[in-house]
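*Asks:* Have a look at the structure that comes next, please.
Please treat every number below as a calculation from the coordinates, not as lab data. Just so we're clear, the structure is a prediction, and the values are computed from it rather than from any experiment. Positions of Cβ are generated from backbone atoms using ideal geometry, with glycine treated the same way; all protein chains shown enter the neighbour counts.
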Amino acid sequence: MAEKMATRRIKEILRILGRTYPDVKTALRHRSPVELLVATILSAQCTDKQVNQVTATLFRKLRTAKDFAEVPLSDLEGMIRPTGFYKNKAKSIKACCVALTEKHEGKVPDNMEALLQLPGIGRKTANVILGSAFGIPGIVVDTHVKRVSQRIGLTKERDPVKIEFDLMPLIPKKNWIGFSHQMIWHGRALCKARKPNCPACPLRDLCDYGRETT
């Protein structure tokens, strides 16, 4: 009985998210898997809006893995500086693109195992790439998905990888990509870190945190 209730609750959460955010996708602008990989690395502790402002110029100068592998590190640092932590990000981008050039003919691999072997790539970045570049299901656990999942009561974990593995059996695989985007947009629009707008939230009656604020 409890399992059936949990299943109905998940279905209702997915229905509401789908109705509220029907056609969402990654906000990171890109024209290729390489550009998405670079943009995702840049997005760490930086807003997508700021990343898009930087990549609008960056991707006119550097487009391929070979371009990023060969650009002088100091030049790359200067181009991505506004995204913050630019020295570490530049090193990660260059190392990753060197590996792509040497081991994958400059192409971004379309499987989790190969992506995780690239420098600077963790499960979150890999799932972003797999879902948005190749349409391969994965659950992206960024700060928004982590926060919203905890508040709703879908997980009690704090580690992103553990949260991902908590969510995977709850959410049908066909919904993984859409669910990730919808949770990210919900976290930005309503379920904000400091001042969640619970009165306006369509998930309030299904949310542990929202019911507590009633």
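*Asks:* Say the cut-off is 28 Å between C-alpha atoms; which of 49/107; 103/146; 124/156; 87/107; 61/91; 91/192 go over it?
*Replies:* On the way: 49/107 26 Å; 103/146 33 Å; 124/156 18 Å; 87/107 24 Å; 61/91 18 Å; 91/192 31 Å.
Those over the limit are 103/146; 91/192.
*Asks:* Another question about this same structure. On a full-extension model of 0.36 nm per residue, what is the gain between residue 173 and residue 87, subtracting their alpha-carbon distance, rounded to one decimal in nm? Spell out each step's value before the answer.
*Replies:* Values: separation 86, 0.36 × 86 = 30.96 nm, distance 3.67 nm.
Net length gain for the segment: 27.3 nm.
*Asks:* Return one number: the angle in degrees, 0 to 90 and rounded to the nearest 10, between the long axis of the Cα atoms of helix 33-42 and the longest principal axis of the Cα atoms of the chain.
*Replies:* 70 degrees
*Asks:* Placing +1 at every Lys and Arg Cβ and -1 at every Asp and Glu Cβ, with all other atoms neutral, what dipole size does region 88-214 have around its Cα centre, in debye to the nearest 20? Kindly include the intermediate steps, with their values, before the conclusion.
*Replies:* Values: 21 positive and 12 negative charges, 103 e Å.
Here the size comes out at about 500 debye.
*Asks:* In the set [x] 0.95; [y] 1.06; [z] 1.01, which value of Rg/Rh (Cα atoms, Kirkwood Rh) was calculated from the structure you see?
*Replies:* Derived directly from the coordinates: [z].
*Asks:* Additional query: Label residue 192 and residue 20 with points 7 Å out from Cα along Cα→Cβ: what is the distance between them in nm?
*Replies:* 1.5 nm
*Asks:* Something else: Please arrange 139, 13 by counting, for each residue, the other beta carbons lying within 10 Å of its beta carbon, fewest first.
*Replies:* 13, 139
*Asks:* Same structure, new question: Helix 123-134 against the longest principal axis of the chain: what's the angle in degrees, Cα atoms only, rounded to the nearest 10?
*Replies:* Tilt of helix 123-134: around 80 degrees.
*Asks:* Arranged by the count of other C-beta atoms within 10 angstrom, fewest first, what order do 98, 38 take? If you can, show how the numbers build up before the last one.
*Replies:* Working: 98 17, 38 28.
Arranged by neighbour count, lowest to highest, 98, 38 become 98, 38.
*Asks:* Using the Cα centre of the chain as origin and beta-carbon charges of +1 (Lys, Arg) and -1 (Asp, Glu), tell me which of 86, 7, 176 is placed farthest towards the positive end of the dipole.
*Replies:* So the residue furthest toward the plus end is 7.
*Asks:* Quick one: which of 114-122, 52-60, 142-150 comes out on top by average Cβ neighbours within 10 Å, and what's the full order, highest first?
*Replies:* Details: 114-122: 17.0, 52-60: 15.4, 142-150: 20.0.
Most protected by this proxy first, the peptides run 142-150, 114-122, 52-60.
*Asks:* Per-residue ellipticity at 222 nm for the chain, helices alone: DSSP H runs ≥ 4 residues times -39500 (n - 2.57), over residue total, nearest 500 deg cm²/dmol? Walk me through the numbers on the way to the answer.
*Replies:* On the way: 12 runs with 129 residues, N = 214.
Calculated at 222 nm, the ellipticity per residue is -18000 deg cm²/dmol.
*Asks:* Suppose the chain between residue 75 and residue 57 were pulled fully straight at 0.36 nm per residue; how much longer would it get relative to their current alpha carbon spacing? Before the final figure, lay out each step's value.
*Replies:* Values: separation 18, 0.36 × 18 = 6.48 nm, distance 1.31 nm.
My answer for the length gained is 5.2 nm.
*Asks:* Related question: Where the only charges are on Cβ atoms (+1 Lys, Arg; -1 Asp, Glu), what is the dipole of the chain about its Cα centre, to the nearest 20 debye? Don't jump to the answer; show the numbers that get you there.
*Replies:* Values: 37 positive and 21 negative charges, 128 e Å.
About 620 debye.
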